1. In cubic angstrom, how much convex hull volume per residue do the alpha carbon atoms of the stretch 187-235 span?
2. Give the cross-link partners of Lys593 among the lysines, using a straight C-alpha distance below 20 Å as the criterion and excluding same-chain residues fewer than 8 apart.
3. From the P(r) of the stretch 362-406, could you give the percentage of C-alpha pairs in the tail past 18 Å?
4. Using a basic spin-label model with each label point 7 Å from the Cα along Cα→Cβ, how many nm lie between Glu162 and Glu74?
5. Give the cross-link partners of Lys607 among the aspartates and glutamates, using a straight C-alpha distance below 20 Å as the criterion and excluding same-chain residues fewer than 8 apart.
6. Averaging over all projection directions, find the projected area of the Cα convex hull of the stretch 3-57 and quote it in nm² with one decimal place.
7. List, in the order given, every pair from Lys118/Lys201; Lys712/Lys817; Lys161/Lys465; Lys190/Lys791; Lys547/Lys599 whose Cα-Cα distance in the structure shown is over 23 Å.
8. Filter the chymotrypsin sites (Phe, Trp or Tyr not before Pro) in the stretch 157-230 to those in DSSP coil with at most 15 other Cβ atoms within 10 Å of their Cβ, and list the result.
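The values are calculated or read from the model by the stated rules, or taken from the named source; none is laboratory data. Bear in mind that the values here come from a model prediction, so they are computed numbers and not experimental data. Cβ: placed from backbone, ideal geometry, glycine included. Neighbour counts: every protein chain shown. Keep in mind that these areas ignore ligands, DNA and RNA; they rest on the heavy atoms of the full protein, side chains included. Shrake-Rupley method; radii C 1.70, N 1.55, O 1.52, S 1.80 Å.
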Amino acid sequence: MEKKFVYSFNEGSKEMRDLLGGKGANLAEMTKIGLPVPFGFTVTTEACNKYYDDGMKIDESVVEEVYVKLAELENVMEKKFGDPDDPLLVSVRSGSPISMPGMMDTILNLGLNDDTVKALAKLTNNERFAYDSYRRFIQMFGDVVQTISKKKFDKIFDAQKEKSGAEFDVDLTTDDLKEIIVGYKELVEKEMGTAFPQDPKDQMMQAITAVFRSWSNDRAILYRQLNDIPDTLGTAVNVQSMVFGNMGNDSGTGVAFTRSPVNGEKKIFGEFLVNAQGEDVVAGIRTPKPIAEMAESFPEAYKNFEHIADVLEKHFTDMQDMEFTIEKGKLFMLQTRSAKRTALAAINVAVDMVDEGLIDRKTAVLRIEPDFVEHLLHPTFDEMDESKAEVIAHGLPASPGAASGRICFVAEDAQRRAARGENTLLVRQETSPEDLAGMVVAKGILTARGGVTSHAAVVARGMGKCCVAGCSSLVVDEDAKVMTVNGRTYRNGDYISINGTNGNVYEGVIKETMPSLTGNFGTIMSWADEFRTMKVRTNADTPRDVKQAVEFGAEGVGLCRTEHMFFQDVRIPAIREMILADNEKDRRVALAKLLPYQKGDFREMFKTLAERPVTIRLLDPPLHEFLPKTDEDMRQLSKTSGIPYEKIAAEAQELQEFNPMLGHRGCRLAVTYPEIAEMQTEAIITAALEVKNDLKIDIVPEIMIPLVGSKKELMDVKKTVIATAEKCMKEFGDTIEYMIGTMIEVPRAAVTADEIAEEAEFFSFGTNDLTQMTFGFSRDDTAGIIEEYIKKGILESDPFKSIDQTGVGKLMEQAVKLGKKTRPNIHLGICGEHGGDPKSIEFCNKIGLNYVSCSPYRVPVARLAAAQAAIKQERGL
């Protein structure tokens with residue numbers, strides 16, 4: 001059977017999402033259940049992929065199918081495309097299988113030309129409406145299809161507003177609009193070298209091509225990278241008969257959610273505009289009215305809309321984001337999709353829907369984006385400090401949270417400042433997809449125009465960033481980089497604060513505080529803990545970090561990096577003295593000074609953890625990292641230690657390595673200087689014995705020997721550890737249990753894991769180094785290379801952020817199988833940065849690890865991701 005590339009809305013369903021895209025599948029589903037959807041057809045994602053396979057050219061067979069479906073649409077609507085008496089007009093919209101709000105392009109009113117605009121004016125008896133629709137179409141087509149800068153159109157539009165003294169767009173007369181159209185067409189001819197296309201079929205094919213092309217524009221690529229969406233999905237194109245919200249005061253358009261996307265409250269949340277088209281709402285061009293006021297402007301349509309919203313939520317069993325138009329008092333549904341929502345709303349909606357019987361608890365857990373959970377752990381303003389701060393403006397609370405930072409008016413400036421470690425707030429008249437790079441790095445977003453469904457609000461909520469939108473008292477001059485509010489001027493780099501929960505804008509910086517994790521958050525996390533099979537530990541090096549992680553639900557420590565305990569001012573002289581010692585005797589004198597510090601830290605950690613497990617890694621980094629780097633610091637060390645400056649400089653030079661990641665570090669330190677492993681083992685064992693004696697807590701330390709590549713290396717260091725542990729217990733007069741294991745971070749260790757497991761009681765995958773050594777990439781030097789690889793499709797994602805399952809993952813899988821073959825009860829975990837990445841956690845669950853370990857603030861993320869991995873495995877997802 002020949003492949004089909006175009007489907008009418010009445011031929012599809014929600015199950016065809018991969019083929020029809022999310023928008024097309026849902027339009028088909030709404031048509032199927034009898035909702036008022038303007039008829040149309042969808043060009044599939046397969047046609048998009050074929051377009052790219054064919055060298056960015058639409059195949060003739062696809063063109064033919066489009067024209068067949070266009071004829072069907074003409075029959076249904078009883079109108080003809082390009083008819084000078086009764087023309088059919090359509091919208092052309094993108095629709096990926098995974099929602100990418102605002103990332104790709106839309107064209108409305110397609111089919112208008114110099115003749116059909118007159119027919120539209122005559123048919124509707126509304127000349128102003130017809131020419132308003134035509135000027136919108138030329139601008140959208142010029143921007144999206146012909147890639148003429150939107151600013152050039154805006155300049156013509158704003159000049160006509162100023163010339164005619166119009167305050168708002170709706171104040172422009174028909175003659176004003178005709179003058180704008182003349183200006184627009186002159187601009188197109190100047191930029192393109194040809195007149196604006198008048199043939200509707202030519203317009204349509206150019207528009208479909210442009211939507212396919214938009215799949216690979218910079219902002220769509222960036223969005224996919226940020227959200228881990230594969231490039232291979234492609235976008236569908238939806239061609240839909242137009243309905244008009246800009247026909248007069250009995251028409252309008254809006255965007256609404258079945259529940260609040262800000263906090264999940266169960267009531268319709270959204271906005272609408274009278275006498276407008278949909279782009280006016282989502283692009284933030286005009287600040288819309290709250291949806292509740294629609295009941296007064298369009299009582300019948302609003303009543304019908306409430307009913308449809310309820311039907312859709314129950315049908316899709318999820319909160320919906322809907323677009324609608326009212327034409328001459330009649331309601332039409334243009335789109336529905338699962339709504340983007342804040343972390344707070346996601347959790348509240350999931351728990352409420354379980355209570356309402358719409359979904360079960362496992363589905364509720366699957367509904368929460370794990371990374372969203374971290375958003376809830378981010379600061380809010382300290383109430384006392386906020387109460388003293390001066391409110392300089394108030395806008396719409398579009399995305400909750402709070403942030404202080406330096407004002408940045410353009411994305412590039414925000415990126416530059418963020419690279420320097422500065423906190424920034426992106427301040428714009430309104431944001432557009434071109435601002436995405438700045439929104440990524442900014443702590444929060446403030447706009448003068450737009451509402452709670454504008455681009456700024458939707459994207460900010462998706463990123464978990466606070467946003468205040470539609471702050472009408474702000475006058476933002478992006479070119480001059482100046483913001484004025486109530487007579488005050490704020491310039492680029494000035495500090496302000498915004499609260500996305502109450503809509504306030506403040507002068508200066510406000511102290512931040514951490515939220516408490518209770519209520520529905522606690523409910524979701526308790527369900528997650530019930531369903532997950534993997535444990536979640538934390539990477540923590542101080543008693544403070546351990547305490548924070550335990551509060552977030554950590555079930556132990558999966559990685560304590562002992563070297564981090566040496567960097568404090570009072571401790572670093574002793575470690576430097578040890579490094580600079582000429583002989584073992586002097587090294588032991590220096591190590592004796594470090595022993596009480598290490599032991600004290602371990603005591604506090606053991607107390608905080610009670611009987612939770614803790615994996616302690618012996619000294620890992622190369623020794624030169626502890627020595628001073630500058631000449632001035634070396635002279636200062638010489639002064640305080642009495643060691644000659646020349647000796648310090650010579651030793652620092654000698655210890656410097658061309659590739660320290662592959663040099664004298666890890667277990668190699670303990671092989672060459674066993675006294676280091678002795679001191680650390682003594683600190684661990686003695687601290688455990690003392691806590692056992694004082695608090696009657698049984699501590700079972702897990703001593704991890706890093707960077708092992710062979711069984712004999714492990715045997716050598718293990719012998720030192722055992723001898724020291726036995727000596728400590730004998731001297732103390734008591735015993736404790738302890739384990740000795742290793743970090744699998746050298747490829748050789750992974751492929752000889754069966755031999756290593758003869759000596760190791762546990763494996764912990766150090767996937768940072770394992771990735772480095774498997775790829776031959778240096779984490780510190782290859783960020784730019786990896787970015788280029790992703791851009792060119794050589795890599796799908798950064799292997800340091802998410803486990804490379806086909807390479808590094810295979811080594812891990814092999815190590816698990818070989819380790820279990822030798823030691824069936826071997827304990828398996830991961831402690832690299834990947835331990836907090838949801839995709840990597842799912843992989844760890846699949847290959848049979850016992851636990852993941854991550855930074856304290858990622859612990860709730862990992863708990864949820866581990867639960868989702870177990871549920872997906874159970875359901876075969």
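1. Each residue corresponds to 89 Å³ of Cα convex hull volume.
2. Output for Lys593: Lys585, Lys639, Lys727.
3. 48 percent
4. 4.5 nm
5. Asp541, Asp545, Glu551, Glu555, Glu682, Glu690, Asp694, Asp698, Glu702, Asp734, Glu737
6. 3.8 nm²
7. From the list (Lys118/Lys201; Lys712/Lys817; Lys161/Lys465; Lys190/Lys791; Lys547/Lys599), the Cα-Cα distance tops 23 Å for Lys161/Lys465; Lys190/Lys791.
8. Within the stretch 157-230, the qualifying chymotrypsin sites (Phe, Trp or Tyr not before Pro) (loop, at most 15 other Cβ atoms within 10 Å) are Phe168.
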